[in-house]
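This report concerns only the one structure given below.
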Amino acid sequence: MGAKRFGGLAATILAMTLAVPAFASDAKDDPLAAYRSGEMYSGYVTGDPSSREIQDDDMMNPSFLWVDKAAELWTTADGTAGKSCADCHGDVESLKGAATKYPTTDAATGKFMNVELKINDCRERQMGAAPFKFESDELLGMTTLVKLQSRGMPMNIDITGPNEKWFKKGEEFYFTSRGQLDLACADCHITNEGMYMRAEKLSQGQPNGFPTYRMKWQKLGSLHRRMRGCNDNIRAEKLKGLGEDYLAVETYISWRASGLPVETPSVRK
Amino acid sequence: MTVTPHTFGLRRPMIACATALVGLTLAGTASAEMARVQDPGLQPYTINGAEISEPLTAEPGDAKRGKALFINRKMGNCLTCHTAPIPEEDFHGNVGPDLAGVGSRMTAAELRLRLVDAKALLPESLMPSFYRTAGLRQVKKDFVGKPILKAQEIEDVIAYLQTLK
């Protein structure tokens, strides 16, 4: 089954990642080189030109409306402790590089978290404030502001130790077919990457640009929202945003994205 | 061998088609297999090697209805994965083979197994089984226990594919 099939594939992907230098000479002539790492590439590469143009220009990218609001929230005291994010972290630039390591096991609590869950953990434990709701403008904006500090830096997930079981669970999910259409994530984003499903060119389904501004949504949206959409398209029951299943899949695909630069906030059609 | 609809990790190979086997399995070699299949709530049918010889319904398929079902995104949605000689529709997919001429390459009986359960033929096939309710997981509530296409709709699509000479 899936996991067995994958053993070899994991090794292949790893070998591909290690083979980066071999491509280095071609990379110079490739205008999209910054969006590739070995055989891995972000959805920017298969994306449509008008979305790319908007992503290339922060003044045009509507995601920055959310980022600007989040920057205000950063310095706004909230909760029973009467503290703001800035009271503990200083300038948000202090979080440079932090997002490249998520999801990971939180040192303080021992809980496994992505950036969204870490933000809410700070709100609850440090500020005594209510967690932001999944897909709320506040959580999307703050997640984007935090990830923006790592823009251009390579994704670098640790899948050893306590993180390993999340990785394994995500890998299992990724290769298991589901829904009335009986398809797995891997069927579209590995087996058929680069092919067309009607007007959609299948990318590798990489997570490095999230939250993303999607034209179809007319809004900034999270990785877990995107997964819910992909599940819905194959007539599979949508699972809980920020729940354990999608958190595990996020771990697997973030590992798969190793070496790809954080691209948040990306723009897609 | 018993396979329940919820068996984890199953890709329903040929033998497992005998799930709710009502009739007989005249099992010989894998290729010359005959299995009677009945998924919950569906018309039983017999797989004979690479074919389902008997139509699923008494009423013959209607090619005109079949073409509409083939295109309709909420029904067959075949253009998602296949290119077909339907120039009036934009954006055909290329995940599966071009279906131009498929009516000359394949018989109605072969097309029927492809549509009903392509995985009975090729366990690793990416093509959804259009007439199947068992062995699936995490199915959206509205679709639980329902096939993608009903028996008559399968026959209609087959009739359309046969016009692609």
Ranking B:HIS92, A:HIS224 by Cβ neighbours within 10 Å, fewest first, what do you get? B:HIS92, A:HIS224
Computed lengthening from A:ASP29 to A:ASP48, 0.36 nm per intervening residue step minus Cα-Cα distance: 4.8 nm
Amide hydrogen neighbours beyond the local backbone of A:ARG151, cut-off 5 Å, H modeled: none
Could you identify which residue out of A:PRO49, A:PRO154, A:PRO31 has the top mean-square fluctuation in a GNM of chain A using Cα springs shorter than 10 Å? A:PRO31
Here segment A:233-242 yields Karplus 3J(HN,Hα) values (6.51, -1.76, 1.60; θ = phi - 60°; whole Hz; Gly and Pro given as x) of 4, 9, 6, 9, 4, 6, 9, 5, x, 6
Given the options A:GLU250, A:GLU164, A:GLU53, which has the most mean-square fluctuation in a GNM of chain A, springs set between C-alpha atoms less than 10 angstrom apart? A:GLU53
Relative to the longest principal axis of chain A, what angle (0 to 90°, nearest 10) does the C-alpha long axis of helix A:164-174 take? 50
Can you tell me the length gained on complete extension of the stretch B:GLU89 to B:THR107, counting 0.36 nm per residue apart and subtracting the Cα distance? 3.9 nm
Quick check for you: which residues of segment B:88-111 have the amide N under 20 Å from the point 7 Å beyond the Cα of B:LYS165 toward its beta carbon? B:99-111
Based on the alpha-carbon gyration tensor of segment A:64-148 and its eigenvalue square roots a ≥ b ≥ c, which shape applies: rounded if a/c is under 1.5, prolate if not and a/b is larger than b/c, or oblate? rounded
Of all DSSP beta bridges having both residues in the protein assembly as shown, the percent classed as antiparallel (nearest 5) is 85
Any idea how far apart B:ALA58 and A:LYS83 come out in nm if each label point goes 7 Å out from Cα toward Cβ? 7.7
Residues with amide H under 5 Å of A:PHE112's amide H, sequence separation 5 or more or different chain, H placed in the peptide plane at 1.01 Å from N; which? A:ASP106
Please list, or write none, the lysines whose alpha carbon is within less than 21 Å of the alpha carbon of B:LYS119, excluding same-chain residues fewer than 8 places away. A:LYS4, B:LYS140, B:LYS146, B:LYS150
Global size of segment B:13-162 as Cα Rg and Dmax, reported in angstrom: 15.1, 46
At most 15 other Cβ atoms within 10 Å and a DSSP loop assignment: could you name the trypsin sites (Lys or Arg not before Pro) in segment B:55-127 that fit? B:ARG73, B:LYS74
Counting only other residues whose beta carbon sits under 14 Å from that of B:PRO60, what net charge do I get with K and R as +1, D and E as -1? -3
Could you sort out which of A:LYS69/A:LYS118; A:LYS133/A:LYS201; A:LYS201/B:LYS141 sit more than 21 Å apart by Cα distance in this structure? A:LYS133/A:LYS201; A:LYS201/B:LYS141
So which trypsin sites (Lys or Arg not before Pro) in segment A:202-232 are both in a DSSP loop and have at most 16 other Cβ atoms within 10 Å of their Cβ? A:LYS216
Simple spin-label model, 7 Å along Cα-to-Cβ: B:ALA100 to A:GLU200 in nm? 2.6
Fully extended, how many nm does the chain gain between A:ASP91 and A:ASP121 (0.36 nm per residue separation, minus their Cα-Cα distance)? 8.9 nm
At most 15 other Cβ within 10 Å, DSSP loop - GluC sites (Glu not before Pro), segment B:60-165: B:GLU88, B:GLU89, B:GLU124
Once amide H atoms are built 1.01 Å from N in the peptide plane, which residues 5 or more positions from B:ASN72, or in another chain, come under 5 Å H to H? B:ASN77
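Every read-out reported here was derived from the displayed coordinates using simple, explicitly stated rules and does not represent laboratory data. Model, not experiment: these values are computed from the prediction. With ideal geometry, Cβ positions are generated from the backbone for all residues, glycine too; neighbour counts draw on all protein chains shown.
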